Amino acid sequence: MSRLQNKHIIVAISGGIAAYKSAELVRLLITAGAQVEVVMTRGATEFITPLTLQALSGNPVHQHLLDSSAEAGMGHIQLARWADSILIAPCTAHVIARLAQGQADDLLGTLCLATQAPVLLAPAMNQAMWADSATQANAQLLSERGYTLLGPAIGEQACGDVGPGRMLEPAQLVEHLQQSFSSHALQGREVVITAGPTREAIDPVRYLSNHSSGKMGYALAQAAVEAGARVHLISGPTNLAVPADLKCTQVDSAQEMLTACQAACQHADLFIASAAVADYRPAQAADQKMKKSAPDSNLRLHLVQNPDILATIAHDFPDITCIGFAAETEKLLAHAQAKLHRKKVSMIIANDVSDTDIGFNSDHNQVHLVTANGVTALPRLTKAQLARQLIDNIAQLDQ
Ligand code: PMT
């Protein structure tokens, strides 16, 4: 799976002849597994039609700042929040100048001001325009403000000139985007992550379980890989594709998860427990499917406690930095703090699972980081975005 799998990419196209290459760029991003929304300036539509980009991205193209139908769907602020990355390709001298001034009178300018996502620029213009001191000063200013400039390449230009000003090829831009999702925060570290629910057998066809989808744990695993870690994901049953470049062990029950974690942690530096482990299991799973007995009779299940995987790993492997989650429906921070001390871990990531908009099975989550030093609240984010922030925070604990 590519690093762009499920990443939210905005391709913004401004008005230059290289706009025809943006169609190929969008196609390559979709092939790499990204979700793509396209923004076009008015100038861009002179070079390539929105219909082409709509067909390739699978989404309507965003063209106007004040568009009541778009604001009812994905308006400019939502679009800015949705993005994991914004790539402006081609990026004209005009757009570079407008961004340098912080102009916000069109969709692209507003988006770039409103987003917290990285903005990458692929300049494309005549070589003399690129060399002009105004463009150079604007580009320098943007790069100092954290924008990333990709190119331009040197070569023959549409106008017949030769020199720097060509947009990088779509495949090169995709490669740069892939790399932009890789940090080195956990370079060389070995990380074990649990994810998903466990299933506790009642009989051969029934089990006790919970609503965990595995999305949070899989996003953490992917973010840890992107941060340079060797990752062993221990997963309960989910419907998710296993991220590339990691080892995954599939388990069913809490006891199987504990055994897999104990084996995986022999050489680990970090243990992150995001799985929703069943606290109890039937004392004895029936060998055969249990039959209904007399009408109206009740069934009693005798449950026994499962081992606490996180507490066990924290106790048995004192050199490993252990991180747990707390899924709470009330007294979020008090319960999270109690878990921090009881399980003797370095951090508890607390989520309020009574809010159905976040937590279990949602694509979003909102958490508080609870450590011995205090509590830090993070904003509501997609699980992929949150996972990257969590990995950065966890990497600091591990130093
Ligand atoms: O999978 P998703 O649909 O994406 O949902 C994500 C999530 C809500 C499951 C995740 O964000 C989360 O909160 N995971 C922890 C769920 C949980 O079991 O919380 P808890 O408060 O009951 O457990 C506290 C910690 O101890 C957790 O790190 C848990 O993994 C661990 N634990 C709990 C019980 C047990 N027997 N062994 C454990 O290791």
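The table for this structure:
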| quantity | calculated |
| --- | --- |
| Condition broken by H341, with the remaining ones in (1) assigned to a helix (DSSP H, G or I); (2) in contact (Cβ under 8 Å) with a residue 24 or more places away in the chain satisfied | (2) |
| Members of the range 223-249 found to be in a loop (DSSP other than H, G, I, E, B) and surrounded by fewer than 24 Cβ atoms within 10 Å (Cβ to Cβ), listed by number | A227, G228, P237, T238, N239, L240, A241, V242, P243, A244, D245, L246 |
| Residue that is farthest from the ligand (Cβ to nearest atom), among those in the range 289-324 that are within 40 Å of the chain's Cα centre (by Cα) and among the hydroxyl-bearing types (S, T, Y) | T321 |
| Failed item, numbered, when A44 is tested on (1) under 20 Å from L168 (Cβ atoms); (2) open to solvent by 10 Å² or more (accessible area, probe 1.4 Å); (3) aliphatic (A, V, I, L, M) | (2) |
| Subset tally (residues that are outside any strand (DSSP E or B), more than 27 Å from the chain's Cα centre (by Cα) and more than 7 Å from the ligand (Cβ to nearest atom)) for the range 268-288 | 6 |
| All positions within the range 250-267 that are near the ligand (Cβ under 10 Å from one of its atoms) and open to solvent by less than 20 Å² (accessible area, probe 1.4 Å) | A254, M257, C261 |
| Count - residues of the range 379-399 that are open to solvent by less than 20 Å² (accessible area, probe 1.4 Å) and more than 13 Å from the chain's Cα centre (by Cα) | 2 |
| Some residue of the range 325-334 being within 11 Å of the ligand (Cβ to nearest atom), of a type in the set (S, T, N, Q) and open to solvent by less than 60 Å² (accessible area, probe 1.4 Å) | no |
| Every pair of residues 6+ apart whose Cβ atoms lie under 7 Å, when the first sits in the range 106-120 and is in the same structural domain as R81 (by TED's automatic domain parsing) and polar (S, T, N, Q) while the second is surrounded by fewer than 21 Cβ atoms within 10 Å (Cβ to Cβ) and assigned to a helix (DSSP H, G or I) | T115/A80 |
| Residues of the range 171-204 that turn out to be more than 16 Å from the ligand (Cβ to nearest atom), within 26 Å of the chain's Cα centre (by Cα) and of a type in the set (V, I, T), as a count | 1 |
| Among the candidates G196, G188, G165, residue that is on the phi > 0 side of the Ramachandran plot and either among the acidic types (D, E) or open to solvent by 30 Å² or more (accessible area, probe 1.4 Å) (or both) | G188 |
| Verdict on L168 being within 22 Å of the chain's Cα centre (by Cα) and either farther than 18 Å from A97 by Cβ or at pLDDT 95 or above (or both) | no |
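The values are calculated or read from the model by the stated rules, or taken from the named source; none is laboratory data. All values derive from a computational prediction rather than experimental measurement. All Cβ positions, even for glycine, are placed from backbone atoms using ideal geometry, and neighbour counts span all protein chains on display. Surface accessibility is based on the protein's heavy atoms, side chains included, excluding ligands, DNA and RNA. Shrake-Rupley method; radii C 1.70, N 1.55, O 1.52, S 1.80 Å.
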